[in-house]
Amino acid sequence: MAVKVLDADIVVIGSGFGGSLTALCARRIGLNVVLIERGGHPRFAIGESSTPLANLALRQISDRYDLPRIAPLTQYGSWRRTYPEIMRGLKRGFSYFHQVAEKPFSPRDDHANELLVAANPDDEHADTHWLRADVDHFFLKEAVSAGVSYFDQTEITTLAHGDPWQFSLNRDGEQVRFEAPFVVDASGGGGVVASALEIEDDRARLLTNSRTVYGHFTGVRRWRELYEALGGKSADHPFDCDAAALHHIFDGGWMWVLRFDNDLVSAGFVLDRKRYPIDESLDAAAEWSSWLSRFPSIQEQFAGAEPIRPIVRTGRLQRVWSRAAGRNWAMLPYTFGFLDPLHSSGIAHNLSGIERLMAILEDGRNITERLGQYERGLHAEFGLMDRIVHGCYAGFAKFKLMTTFAMHYFAGAHTSEHRRRDGRHDVHDGFLMAHDASFCRTVADHHTRVCELAGRKRLDPDDMARFLSDVAASIPEGNPAGLCDPAKRNMYEYA
Ligand SMILES: Cc1cc2nc3c(=O)[nH]c(=O)nc-3n(C[C@H](O)[C@H](O)[C@H](O)COP(=O)(O)OP(=O)(O)OC[C@H]3O[C@@H](n4cnc5c(N)ncnc54)[C@H](O)[C@@H]3O)c2cc1C
(Lines give C-alpha, C1' and ligand atoms only; values in the text may rest on other atoms or scores of the structure.)
Protein backbone atom coordinates (compact mmCIF):
# COMPACT_ATOMS: atom_id res chain seq x y z
CA MET A 1 0.00 0.00 0.00
CA ALA A 2 1.46 3.37 -1.11
CA VAL A 3 2.01 6.02 1.57
CA LYS A 4 2.17 9.64 0.48
CA VAL A 5 3.45 12.43 2.72
CA LEU A 6 2.28 16.04 2.33
CA ASP A 7 3.21 19.51 3.47
CA ALA A 8 0.26 21.48 4.86
CA ASP A 9 -0.05 24.78 6.71
CA ILE A 10 -3.78 24.38 7.04
CA VAL A 11 -6.29 21.59 6.51
CA VAL A 12 -9.90 22.35 5.60
CA ILE A 13 -12.37 19.51 6.16
CA GLY A 14 -15.40 19.56 3.85
CA SER A 15 -15.62 21.06 0.34
CA GLY A 16 -19.05 22.73 0.28
CA PHE A 17 -18.91 26.38 -0.76
CA GLY A 18 -17.81 27.16 2.81
CA GLY A 19 -14.78 24.85 2.86
CA SER A 20 -13.78 25.52 -0.74
CA LEU A 21 -13.91 29.30 -0.30
CA THR A 22 -11.93 29.07 2.95
CA ALA A 23 -9.33 26.92 1.18
CA LEU A 24 -9.19 29.36 -1.74
CA CYS A 25 -8.67 32.40 0.51
CA ALA A 26 -6.05 30.57 2.57
CA ARG A 27 -4.20 29.78 -0.63
CA ARG A 28 -4.37 33.46 -1.62
CA ILE A 29 -2.54 34.44 1.57
CA GLY A 30 0.19 32.02 0.64
CA LEU A 31 -0.66 28.98 2.77
CA ASN A 32 -0.27 25.35 1.67
CA VAL A 33 -3.81 24.06 1.90
CA VAL A 34 -5.18 20.53 1.99
CA LEU A 35 -8.94 20.21 1.41
CA ILE A 36 -10.56 16.91 2.34
CA GLU A 37 -14.00 15.76 1.16
CA ARG A 38 -15.63 12.47 2.00
CA GLY A 39 -17.86 12.64 -1.11
CA GLY A 40 -17.37 14.40 -4.44
CA HIS A 41 -18.75 17.06 -6.79
CA PRO A 42 -21.18 17.85 -8.24
CA ARG A 43 -23.44 16.85 -5.39
CA PHE A 44 -26.86 17.86 -4.10
CA ALA A 45 -26.91 20.26 -1.14
CA ILE A 46 -29.76 22.12 0.52
CA GLY A 47 -29.49 25.75 1.75
CA GLU A 48 -29.88 27.86 -1.35
CA SER A 49 -31.25 31.35 -0.73
CA SER A 50 -28.71 34.16 -0.39
CA THR A 51 -29.29 37.63 1.08
CA PRO A 52 -27.81 41.13 0.70
CA LEU A 53 -25.51 40.46 3.65
CA ALA A 54 -24.27 37.26 1.99
CA ASN A 55 -23.57 39.11 -1.22
CA LEU A 56 -21.85 42.02 0.51
CA ALA A 57 -19.64 39.62 2.46
CA LEU A 58 -18.83 37.60 -0.67
CA ARG A 59 -17.99 40.80 -2.55
CA GLN A 60 -15.72 41.98 0.25
CA ILE A 61 -14.01 38.57 0.36
CA SER A 62 -13.49 38.62 -3.40
CA ASP A 63 -11.97 42.13 -3.22
CA ARG A 64 -9.81 41.42 -0.21
CA TYR A 65 -8.39 38.13 -1.53
CA ASP A 66 -8.21 39.24 -5.16
CA LEU A 67 -10.75 36.75 -6.47
CA PRO A 68 -12.26 38.54 -9.49
CA ARG A 69 -13.81 35.31 -10.76
CA ILE A 70 -15.97 35.10 -7.60
CA ALA A 71 -17.23 38.72 -7.79
CA PRO A 72 -19.86 38.16 -10.55
CA LEU A 73 -21.70 35.74 -8.25
CA THR A 74 -22.55 38.58 -5.88
CA GLN A 75 -25.39 40.00 -8.01
CA TYR A 76 -28.00 38.35 -10.16
CA GLY A 77 -27.24 40.38 -13.33
CA SER A 78 -23.48 39.82 -13.43
CA TRP A 79 -23.88 36.16 -12.41
CA ARG A 80 -26.28 35.45 -15.25
CA ARG A 81 -24.11 37.17 -17.86
CA THR A 82 -20.77 35.78 -16.69
CA TYR A 83 -21.69 32.25 -15.67
CA PRO A 84 -24.94 31.29 -17.45
CA GLU A 85 -24.05 27.62 -16.89
CA ILE A 86 -24.10 27.98 -13.06
CA MET A 87 -27.80 27.75 -12.24
CA ARG A 88 -29.34 30.38 -9.99
CA GLY A 89 -32.67 32.01 -9.23
CA LEU A 90 -33.71 35.65 -8.98
CA LYS A 91 -34.29 36.88 -5.43
CA ARG A 92 -35.73 40.38 -5.06
CA GLY A 93 -36.71 39.95 -1.44
CA PHE A 94 -38.69 38.01 1.13
CA SER A 95 -42.39 37.26 0.73
CA TYR A 96 -44.65 35.72 3.38
CA PHE A 97 -48.28 34.62 3.00
CA HIS A 98 -50.40 33.48 5.90
CA GLN A 99 -52.14 30.17 5.14
CA VAL A 100 -54.96 28.77 7.24
CA ALA A 101 -55.54 24.99 7.28
CA GLU A 102 -58.43 23.77 5.12
CA LYS A 103 -59.06 27.28 3.71
CA PRO A 104 -57.96 28.79 0.40
CA PHE A 105 -55.74 31.82 0.74
CA SER A 106 -57.93 34.90 0.93
CA PRO A 107 -56.14 38.10 -0.21
CA ARG A 108 -57.08 41.32 1.58
CA ASP A 109 -56.93 44.90 0.39
CA ASP A 110 -54.91 45.87 3.47
CA HIS A 111 -52.43 42.97 2.88
CA ALA A 112 -52.77 42.04 6.55
CA ASN A 113 -52.07 38.38 5.76
CA GLU A 114 -48.98 39.10 3.68
CA LEU A 115 -45.55 40.61 4.20
CA LEU A 116 -43.16 41.58 1.41
CA VAL A 117 -39.74 43.06 2.18
CA ALA A 118 -37.61 44.10 -0.79
CA ALA A 119 -33.91 43.31 -0.44
CA ASN A 120 -32.53 45.11 -3.49
CA PRO A 121 -33.55 47.76 -6.04
CA ASP A 122 -33.87 45.78 -9.29
CA ASP A 123 -33.10 42.50 -11.06
CA GLU A 124 -29.59 43.56 -12.05
CA HIS A 125 -28.56 44.12 -8.41
CA ALA A 126 -30.73 41.36 -6.98
CA ASP A 127 -29.73 38.50 -4.71
CA THR A 128 -29.86 34.92 -5.86
CA HIS A 129 -30.85 31.39 -5.00
CA TRP A 130 -27.82 29.16 -5.42
CA LEU A 131 -28.25 25.79 -7.09
CA ARG A 132 -25.75 24.33 -4.72
CA ALA A 133 -24.68 21.42 -6.94
CA ASP A 134 -23.41 23.97 -9.49
CA VAL A 135 -22.23 26.69 -7.11
CA ASP A 136 -20.29 24.46 -4.73
CA HIS A 137 -18.64 22.70 -7.66
CA PHE A 138 -17.57 26.09 -9.05
CA PHE A 139 -15.98 27.15 -5.73
CA LEU A 140 -14.19 23.82 -5.51
CA LYS A 141 -12.77 24.14 -9.04
CA GLU A 142 -11.56 27.66 -8.20
CA ALA A 143 -9.79 26.34 -5.10
CA VAL A 144 -8.13 23.53 -7.05
CA SER A 145 -7.00 25.93 -9.81
CA ALA A 146 -5.44 28.13 -7.13
CA GLY A 147 -3.29 25.22 -6.00
CA VAL A 148 -5.27 23.71 -3.11
CA SER A 149 -4.47 19.98 -2.67
CA TYR A 150 -7.88 18.34 -2.87
CA PHE A 151 -8.76 14.85 -1.71
CA ASP A 152 -12.27 13.74 -2.60
CA GLN A 153 -13.86 10.36 -1.81
CA THR A 154 -11.52 10.38 1.15
CA GLU A 155 -11.90 9.00 4.64
CA ILE A 156 -10.06 10.60 7.53
CA THR A 157 -8.75 7.54 9.37
CA THR A 158 -6.73 9.42 12.01
CA LEU A 159 -7.29 12.92 13.33
CA ALA A 160 -5.15 13.49 16.40
CA HIS A 161 -5.12 16.85 18.10
CA GLY A 162 -1.73 18.21 19.04
CA ASP A 163 0.76 20.79 17.97
CA PRO A 164 0.68 20.02 15.06
CA TRP A 165 -2.39 17.94 14.22
CA GLN A 166 -1.72 14.44 12.84
CA PHE A 167 -3.77 13.24 9.89
CA SER A 168 -4.08 9.91 8.07
CA LEU A 169 -6.35 9.65 5.08
CA ASN A 170 -7.53 6.76 3.01
CA ARG A 171 -8.43 7.47 -0.58
CA ASP A 172 -9.30 4.39 -2.54
CA GLY A 173 -6.68 2.32 -0.74
CA GLU A 174 -3.98 4.97 -0.94
CA GLN A 175 -2.77 6.13 2.50
CA VAL A 176 -1.80 9.74 2.99
CA ARG A 177 -0.18 10.97 6.21
CA PHE A 178 0.77 14.45 7.21
CA GLU A 179 0.88 17.05 9.94
CA ALA A 180 -0.76 20.45 9.92
CA PRO A 181 -0.54 23.34 12.37
CA PHE A 182 -4.15 24.52 11.83
CA VAL A 183 -7.51 22.91 10.99
CA VAL A 184 -10.74 24.51 9.80
CA ASP A 185 -13.76 22.26 10.12
CA ALA A 186 -16.20 23.04 7.29
CA SER A 187 -17.89 19.64 7.38
CA GLY A 188 -21.31 21.08 8.31
CA GLY A 189 -23.31 18.40 10.08
CA GLY A 190 -20.25 16.11 9.80
CA GLY A 191 -18.92 17.53 13.10
CA VAL A 192 -15.45 16.08 12.44
CA VAL A 193 -13.38 18.18 14.84
CA ALA A 194 -16.13 18.07 17.47
CA SER A 195 -15.90 14.29 17.57
CA ALA A 196 -12.08 14.28 17.53
CA LEU A 197 -12.03 16.68 20.51
CA GLU A 198 -15.11 15.19 22.22
CA ILE A 199 -16.79 18.57 22.27
CA GLU A 200 -20.14 18.67 24.01
CA ASP A 201 -23.36 18.79 22.06
CA ASP A 202 -25.09 21.96 23.27
CA ARG A 203 -28.37 21.81 21.38
CA ALA A 204 -30.39 21.45 24.56
CA ARG A 205 -29.92 25.19 25.11
CA LEU A 206 -31.63 26.12 21.81
CA LEU A 207 -35.22 27.33 21.90
CA THR A 208 -36.07 26.60 18.26
CA ASN A 209 -37.20 23.04 17.71
CA SER A 210 -38.12 22.20 14.15
CA ARG A 211 -37.77 19.55 11.48
CA THR A 212 -38.23 19.59 7.72
CA VAL A 213 -39.63 17.64 4.77
CA TYR A 214 -38.29 18.92 1.44
CA GLY A 215 -37.46 18.29 -2.19
CA HIS A 216 -36.69 19.71 -5.62
CA PHE A 217 -39.60 19.86 -8.06
CA THR A 218 -40.56 20.72 -11.60
CA GLY A 219 -44.04 21.92 -12.58
CA VAL A 220 -44.67 24.21 -9.57
CA ARG A 221 -47.05 27.04 -10.47
CA ARG A 222 -46.13 30.62 -9.78
CA TRP A 223 -47.81 31.83 -6.61
CA ARG A 224 -48.52 35.21 -8.18
CA GLU A 225 -50.85 33.61 -10.78
CA LEU A 226 -52.83 31.90 -8.03
CA TYR A 227 -52.80 34.99 -5.84
CA GLU A 228 -54.20 37.10 -8.67
CA ALA A 229 -56.78 34.46 -9.53
CA LEU A 230 -57.90 34.62 -5.88
CA GLY A 231 -58.36 38.39 -6.24
CA GLY A 232 -54.99 39.55 -4.88
CA LYS A 233 -53.61 42.89 -6.03
CA SER A 234 -50.07 42.07 -7.05
CA ALA A 235 -49.62 45.62 -8.38
CA ASP A 236 -49.23 46.63 -4.71
CA HIS A 237 -46.27 44.25 -4.31
CA PRO A 238 -42.87 45.96 -4.30
CA PHE A 239 -41.49 43.06 -6.41
CA ASP A 240 -42.71 39.85 -8.01
CA CYS A 241 -43.54 37.68 -5.00
CA ASP A 242 -42.16 34.55 -6.75
CA ALA A 243 -38.76 36.19 -7.37
CA ALA A 244 -38.13 35.83 -3.67
CA ALA A 245 -37.67 33.50 -0.78
CA LEU A 246 -41.40 32.77 -0.76
CA HIS A 247 -42.68 31.67 2.65
CA HIS A 248 -46.09 30.18 3.33
CA ILE A 249 -46.66 30.67 7.06
CA PHE A 250 -49.13 28.64 9.10
CA ASP A 251 -49.85 27.76 12.71
CA GLY A 252 -46.98 25.49 13.78
CA GLY A 253 -44.79 25.76 10.70
CA TRP A 254 -43.93 27.28 7.39
CA MET A 255 -42.91 26.38 3.86
CA TRP A 256 -40.11 27.72 1.66
CA VAL A 257 -40.52 27.94 -2.14
CA LEU A 258 -37.43 29.00 -4.12
CA ARG A 259 -37.56 29.18 -7.89
CA PHE A 260 -34.49 28.78 -10.12
CA ASP A 261 -34.22 30.21 -13.63
CA ASN A 262 -34.69 26.76 -15.18
CA ASP A 263 -38.04 26.54 -13.33
CA LEU A 264 -36.73 23.99 -10.90
CA VAL A 265 -38.21 24.74 -7.48
CA SER A 266 -36.75 23.98 -4.06
CA ALA A 267 -39.54 23.62 -1.51
CA GLY A 268 -39.82 22.38 2.03
CA PHE A 269 -42.18 22.34 4.99
CA VAL A 270 -40.52 23.24 8.28
CA LEU A 271 -42.51 22.10 11.29
CA ASP A 272 -42.54 22.73 15.01
CA ARG A 273 -41.56 19.31 16.37
CA LYS A 274 -43.60 19.70 19.53
CA ARG A 275 -46.74 20.37 17.52
CA TYR A 276 -45.96 17.98 14.70
CA PRO A 277 -43.66 15.13 15.72
CA ILE A 278 -42.79 12.66 12.98
CA ASP A 279 -45.59 10.21 12.29
CA GLU A 280 -43.65 7.03 11.50
CA SER A 281 -46.66 5.51 9.76
CA LEU A 282 -46.09 7.97 6.89
CA ASP A 283 -42.96 7.94 4.78
CA ALA A 284 -41.45 11.26 3.64
CA ALA A 285 -43.38 11.38 0.33
CA ALA A 286 -46.69 10.57 2.04
CA GLU A 287 -46.05 13.21 4.69
CA TRP A 288 -45.27 15.74 1.94
CA SER A 289 -48.61 15.01 0.25
CA SER A 290 -50.47 15.18 3.54
CA TRP A 291 -49.09 18.69 4.25
CA LEU A 292 -50.06 19.87 0.78
CA SER A 293 -53.57 18.53 1.25
CA ARG A 294 -54.06 20.67 4.40
CA PHE A 295 -53.62 23.95 2.55
CA PRO A 296 -55.85 24.19 -0.55
CA SER A 297 -53.98 27.07 -2.19
CA ILE A 298 -50.55 25.51 -1.65
CA GLN A 299 -51.96 22.26 -2.97
CA GLU A 300 -53.06 24.08 -6.09
CA GLN A 301 -49.63 25.61 -6.48
CA PHE A 302 -48.10 22.11 -6.36
CA ALA A 303 -50.87 20.31 -8.29
CA GLY A 304 -48.63 19.62 -11.31
CA ALA A 305 -45.38 19.31 -9.37
CA GLU A 306 -43.05 16.33 -9.83
CA PRO A 307 -40.16 15.68 -7.45
CA ILE A 308 -36.89 15.20 -9.32
CA ARG A 309 -35.28 13.37 -6.40
CA PRO A 310 -36.68 11.53 -3.41
CA ILE A 311 -38.33 13.72 -0.77
CA VAL A 312 -36.10 14.12 2.29
CA ARG A 313 -37.33 14.15 5.89
CA THR A 314 -35.09 15.14 8.79
CA GLY A 315 -35.22 14.92 12.55
CA ARG A 316 -34.53 18.03 14.63
CA LEU A 317 -32.76 20.61 12.45
CA GLN A 318 -31.09 22.47 15.30
CA ARG A 319 -27.60 21.54 16.37
CA VAL A 320 -24.84 23.48 18.11
CA TRP A 321 -21.56 22.59 19.81
CA SER A 322 -20.30 24.07 23.06
CA ARG A 323 -17.04 25.14 21.37
CA ALA A 324 -16.40 26.83 18.03
CA ALA A 325 -12.64 27.37 18.07
CA GLY A 326 -9.43 26.67 19.99
CA ARG A 327 -5.75 27.50 19.83
CA ASN A 328 -5.16 25.81 16.44
CA TRP A 329 -8.59 25.02 15.07
CA ALA A 330 -11.91 26.61 14.19
CA MET A 331 -15.31 25.61 12.89
CA LEU A 332 -17.20 27.57 10.26
CA PRO A 333 -20.54 28.86 11.57
CA TYR A 334 -22.57 26.17 9.76
CA THR A 335 -20.32 23.49 11.27
CA PHE A 336 -20.61 25.04 14.73
CA GLY A 337 -24.39 24.90 14.44
CA PHE A 338 -27.58 25.36 12.53
CA LEU A 339 -30.97 26.76 13.57
CA ASP A 340 -33.66 26.95 10.90
CA PRO A 341 -33.93 28.20 7.32
CA LEU A 342 -36.48 30.91 8.27
CA HIS A 343 -35.26 34.27 6.84
CA SER A 344 -32.33 32.55 5.01
CA SER A 345 -29.48 33.53 7.32
CA GLY A 346 -27.18 30.48 6.89
CA ILE A 347 -25.09 31.40 3.83
CA ALA A 348 -24.51 34.96 5.05
CA HIS A 349 -23.53 33.73 8.49
CA ASN A 350 -21.08 31.20 7.07
CA LEU A 351 -19.48 33.87 4.87
CA SER A 352 -19.13 36.22 7.81
CA GLY A 353 -17.32 33.41 9.66
CA ILE A 354 -14.94 32.87 6.74
CA GLU A 355 -14.16 36.61 6.65
CA ARG A 356 -13.29 36.63 10.33
CA LEU A 357 -11.19 33.48 10.30
CA MET A 358 -9.22 34.59 7.27
CA ALA A 359 -8.54 37.99 8.87
CA ILE A 360 -7.24 36.23 12.00
CA LEU A 361 -5.04 33.84 10.05
CA GLU A 362 -3.76 36.50 7.68
CA ASP A 363 -2.81 38.83 10.49
CA GLY A 364 -1.19 36.03 12.46
CA ARG A 365 -1.00 37.98 15.77
CA ASN A 366 -2.76 37.01 19.00
CA ILE A 367 -4.38 34.08 17.24
CA THR A 368 -5.57 32.34 20.42
CA GLU A 369 -7.15 35.47 21.82
CA ARG A 370 -8.83 36.36 18.54
CA LEU A 371 -10.15 32.85 18.05
CA GLY A 372 -11.64 33.21 21.51
CA GLN A 373 -13.37 36.38 20.32
CA TYR A 374 -14.57 34.49 17.22
CA GLU A 375 -16.00 31.74 19.44
CA ARG A 376 -17.78 34.21 21.72
CA GLY A 377 -19.14 35.94 18.63
CA LEU A 378 -20.65 32.73 17.27
CA HIS A 379 -22.27 31.96 20.63
CA ALA A 380 -23.84 35.43 20.69
CA GLU A 381 -24.98 35.19 17.06
CA PHE A 382 -26.66 31.82 17.60
CA GLY A 383 -28.31 33.14 20.75
CA LEU A 384 -29.68 36.15 18.87
CA MET A 385 -30.87 34.23 15.80
CA ASP A 386 -32.39 31.53 18.00
CA ARG A 387 -34.56 34.15 19.74
CA ILE A 388 -35.53 35.77 16.46
CA VAL A 389 -36.54 32.48 14.83
CA HIS A 390 -38.25 31.07 17.91
CA GLY A 391 -40.20 34.31 18.44
CA CYS A 392 -41.39 34.18 14.83
CA TYR A 393 -42.60 30.59 15.32
CA ALA A 394 -44.48 31.74 18.41
CA GLY A 395 -46.21 34.38 16.27
CA PHE A 396 -47.08 32.19 13.28
CA ALA A 397 -50.68 31.62 14.34
CA LYS A 398 -51.29 35.33 14.95
CA PHE A 399 -49.68 36.63 11.78
CA LYS A 400 -49.42 40.24 12.92
CA LEU A 401 -47.31 39.15 15.87
CA MET A 402 -44.97 37.36 13.49
CA THR A 403 -44.71 40.26 11.05
CA THR A 404 -44.04 42.64 13.95
CA PHE A 405 -41.43 40.53 15.72
CA ALA A 406 -39.72 39.57 12.41
CA MET A 407 -38.89 43.27 11.99
CA HIS A 408 -35.98 42.69 14.38
CA TYR A 409 -34.43 40.41 11.78
CA PHE A 410 -34.91 42.95 9.01
CA ALA A 411 -33.71 45.79 11.23
CA GLY A 412 -30.55 43.86 12.13
CA ALA A 413 -29.95 42.88 8.52
CA HIS A 414 -30.59 46.36 7.09
CA THR A 415 -28.41 48.05 9.69
CA SER A 416 -25.56 45.59 9.10
CA GLU A 417 -25.90 46.09 5.34
CA HIS A 418 -25.76 49.88 5.65
CA ARG A 419 -22.73 49.67 7.92
CA ARG A 420 -20.95 47.45 5.41
CA ARG A 421 -21.85 49.71 2.51
CA ASP A 422 -20.70 52.85 4.38
CA GLY A 423 -17.43 51.24 5.49
CA ARG A 424 -18.54 51.22 9.15
CA HIS A 425 -18.33 47.43 9.51
CA ASP A 426 -15.32 45.91 11.21
CA VAL A 427 -14.89 42.33 10.06
CA HIS A 428 -14.78 41.18 13.71
CA ASP A 429 -18.20 42.75 14.40
CA GLY A 430 -19.57 39.46 13.12
CA PHE A 431 -23.07 38.72 12.04
CA LEU A 432 -26.35 40.60 12.39
CA MET A 433 -25.62 43.09 15.17
CA ALA A 434 -25.01 40.36 17.72
CA HIS A 435 -22.06 42.43 18.96
CA ASP A 436 -24.51 45.23 19.85
CA ALA A 437 -25.57 44.55 23.43
CA SER A 438 -28.48 46.98 23.32
CA PHE A 439 -29.93 45.41 20.15
CA CYS A 440 -29.61 41.92 21.70
CA ARG A 441 -31.27 43.05 24.94
CA THR A 442 -34.20 44.52 23.02
CA VAL A 443 -34.64 41.35 20.99
CA ALA A 444 -34.55 39.32 24.21
CA ASP A 445 -37.21 41.56 25.85
CA HIS A 446 -39.44 41.48 22.80
CA HIS A 447 -38.98 37.74 22.48
CA THR A 448 -40.41 37.33 25.97
CA ARG A 449 -43.31 39.59 25.02
CA VAL A 450 -44.08 37.89 21.71
CA CYS A 451 -44.19 34.50 23.47
CA GLU A 452 -46.48 35.91 26.15
CA LEU A 453 -48.81 37.57 23.62
CA ALA A 454 -48.86 34.45 21.45
CA GLY A 455 -50.00 32.40 24.45
CA ARG A 456 -53.12 34.50 24.97
CA LYS A 457 -56.46 33.23 23.70
CA ARG A 458 -57.33 36.66 22.30
CA LEU A 459 -54.92 39.35 21.31
CA ASP A 460 -56.05 42.70 22.71
CA PRO A 461 -55.68 45.36 19.93
CA ASP A 462 -54.21 47.84 22.44
CA ASP A 463 -51.55 45.37 23.53
CA MET A 464 -50.77 44.62 19.90
CA ALA A 465 -50.52 48.33 19.07
CA ARG A 466 -48.19 48.88 22.05
CA PHE A 467 -46.00 45.99 20.96
CA LEU A 468 -45.82 47.32 17.39
CA SER A 469 -44.90 50.78 18.58
CA ASP A 470 -42.21 49.44 20.97
CA VAL A 471 -40.67 47.33 18.21
CA ALA A 472 -40.78 50.33 15.84
CA ALA A 473 -39.10 52.55 18.45
CA SER A 474 -36.29 50.04 18.87
CA ILE A 475 -35.27 49.94 15.20
CA PRO A 476 -31.73 51.31 14.97
CA GLU A 477 -30.33 54.15 12.91
CA GLY A 478 -33.55 56.03 12.16
CA ASN A 479 -35.36 53.11 10.56
CA PRO A 480 -34.78 54.19 6.94
CA ALA A 481 -36.99 51.39 5.56
CA GLY A 482 -39.96 52.53 7.67
CA LEU A 483 -40.26 49.06 9.23
CA CYS A 484 -43.43 48.71 11.34
CA ASP A 485 -45.07 51.73 9.68
CA PRO A 486 -48.77 50.80 9.36
CA ALA A 487 -49.02 53.05 6.28
CA LYS A 488 -46.76 50.59 4.42
CA ARG A 489 -49.44 47.88 4.77
CA ASN A 490 -46.73 45.18 5.07
CA MET A 491 -45.27 46.14 1.67
CA TYR A 492 -41.71 47.38 2.13
CA GLU A 493 -39.86 48.89 -0.80
CA TYR A 494 -36.07 48.69 -0.94
CA ALA A 495 -34.46 51.38 1.22
C1 LIG B 1 -33.06 22.54 5.38
C2 LIG B 1 -32.08 23.65 5.27
C3 LIG B 1 -32.40 24.78 4.54
C4 LIG B 1 -31.50 25.84 4.46
N5 LIG B 1 -31.85 26.94 3.76
C6 LIG B 1 -31.01 27.99 3.70
C7 LIG B 1 -31.35 29.16 2.95
O8 LIG B 1 -32.40 29.25 2.32
N9 LIG B 1 -30.47 30.20 2.95
C10 LIG B 1 -29.29 30.14 3.63
O11 LIG B 1 -28.56 31.12 3.63
N12 LIG B 1 -28.92 29.01 4.30
C13 LIG B 1 -29.74 27.95 4.35
N14 LIG B 1 -29.35 26.82 5.00
C15 LIG B 1 -27.99 26.77 5.55
C16 LIG B 1 -26.99 26.35 4.45
O17 LIG B 1 -27.35 25.06 4.06
C18 LIG B 1 -25.57 26.34 4.97
O19 LIG B 1 -25.21 27.65 5.30
C20 LIG B 1 -24.58 25.84 3.92
O21 LIG B 1 -24.95 24.56 3.46
C22 LIG B 1 -23.20 25.75 4.50
O23 LIG B 1 -22.30 25.29 3.51
P24 LIG B 1 -20.97 24.55 3.91
O25 LIG B 1 -20.16 24.45 2.68
O26 LIG B 1 -20.35 25.19 5.09
O27 LIG B 1 -21.46 23.12 4.43
P28 LIG B 1 -22.06 21.89 3.61
O29 LIG B 1 -22.73 22.33 2.37
O30 LIG B 1 -22.84 21.08 4.58
O31 LIG B 1 -20.77 21.07 3.18
C32 LIG B 1 -20.08 20.26 4.09
C33 LIG B 1 -19.19 19.31 3.29
O34 LIG B 1 -18.43 18.56 4.22
C35 LIG B 1 -18.37 17.24 3.79
N36 LIG B 1 -18.09 16.36 4.93
C37 LIG B 1 -18.93 16.02 5.94
N38 LIG B 1 -18.33 15.16 6.77
C39 LIG B 1 -17.08 14.96 6.29
C40 LIG B 1 -15.98 14.16 6.71
N41 LIG B 1 -16.04 13.35 7.78
N42 LIG B 1 -14.83 14.20 5.98
C43 LIG B 1 -14.76 14.98 4.87
N44 LIG B 1 -15.78 15.74 4.42
C45 LIG B 1 -16.92 15.74 5.12
C46 LIG B 1 -19.74 16.98 3.17
O47 LIG B 1 -19.72 15.89 2.27
C48 LIG B 1 -20.00 18.32 2.46
O49 LIG B 1 -19.55 18.32 1.11
C50 LIG B 1 -30.23 25.75 5.10
C51 LIG B 1 -29.89 24.60 5.81
C52 LIG B 1 -30.81 23.56 5.90
C53 LIG B 1 -30.44 22.35 6.71
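Here is how the numbers come out for the structure above:
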{"read-out": "Accessible-area order (highest first, 1.4 angstrom probe) of the listed residues Leu159, Leu342", "value": "Leu159, Leu342"}
{"read-out": "Tensor-based shape of region 140-191 (alpha-carbon gyration tensor, a/c under 1.5 rounded, otherwise prolate or oblate)", "value": "rounded"}
{"read-out": "For region 228-258 versus region 114-163, the gap between their alpha-carbon centres in whole angstrom", "value": "28"}
{"read-out": "Stretchable slack from His161 to Glu198, in nm (0.36 nm times residue separation minus alpha-carbon distance)", "value": "12.2 nm"}
{"read-out": "Added length on full extension, which subtracts the Cα-Cα distance from 0.36 nm per residue, Ala45 to Asp426", "value": "134.1 nm"}
{"read-out": "Under the Karplus curve 6.51 cos²θ - 1.76 cosθ + 1.60, θ = phi - 60°, whole-Hz ³J(HN,Hα) for region 113-122, x wherever Gly or Pro sits", "value": "9, 9, 8, 10, 10, 6, 10, 7, x, 6"}
{"read-out": "Nearest-0.05 FRET efficiency for Arg365 and Ala112, computed from C-beta distance (R0 45 Å)", "value": "0.25"}
{"read-out": "Accessible area (Å², per residue) of the chain, counting only protein heavy atoms and a probe of 1.4 Å", "value": "39"}
{"read-out": "Whole-percent carbon and sulfur share, accessible surface of the chain, 1.4 Å", "value": "47"}
{"read-out": "Region 383-492 - charge dipole about Cα centre, Lys and Arg +1 at Cβ, Asp and Glu -1, debye rounded to 20", "value": "400"}
{"read-out": "When each of Lys233/Lys398; Lys400/Lys457; Lys400/Lys488; Lys91/Lys488; Lys233/Lys488 is checked by Cα-Cα distance, pairs over 19 Å", "value": "Lys233/Lys398; Lys91/Lys488"}
{"read-out": "Proximal aspartates and glutamates relative to Lys103, as straight alpha-carbon distance under 14 Å, when same-chain residues fewer than 8 apart are discounted", "value": "Asp251, Glu300"}
{"read-out": "Sites Thr314 and Lys103, calculated FRET efficiency, Cβ-Cβ separation with R0 22 Å, nearest 0.05", "value": "0.20"}
{"read-out": "About the Cα centre, charge dipole magnitude for the chain (Lys/Arg +1, Asp/Glu -1 at Cβ), debye", "value": "420"}
{"read-out": "Equivalent ellipsoid semi-axes - Cα gyration tensor, region 383-492, angstrom", "value": "25, 16, 10"}
{"read-out": "Share antiparallel - DSSP beta bridges, the chain, percent rounded to 5", "value": "65"}
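The values are calculated or read from the model by the stated rules, or taken from the named source; none is laboratory data. The shown structure was predicted, so the numbers you read here are calculated from the model rather than taken from an experiment. Cβ: placed from backbone, ideal geometry, glycine included. Neighbour counts: every protein chain shown. SASA here: full protein model, heavy atoms, side chains in, ligands and nucleic acids out. Shrake-Rupley method; radii C 1.70, N 1.55, O 1.52, S 1.80 Å.
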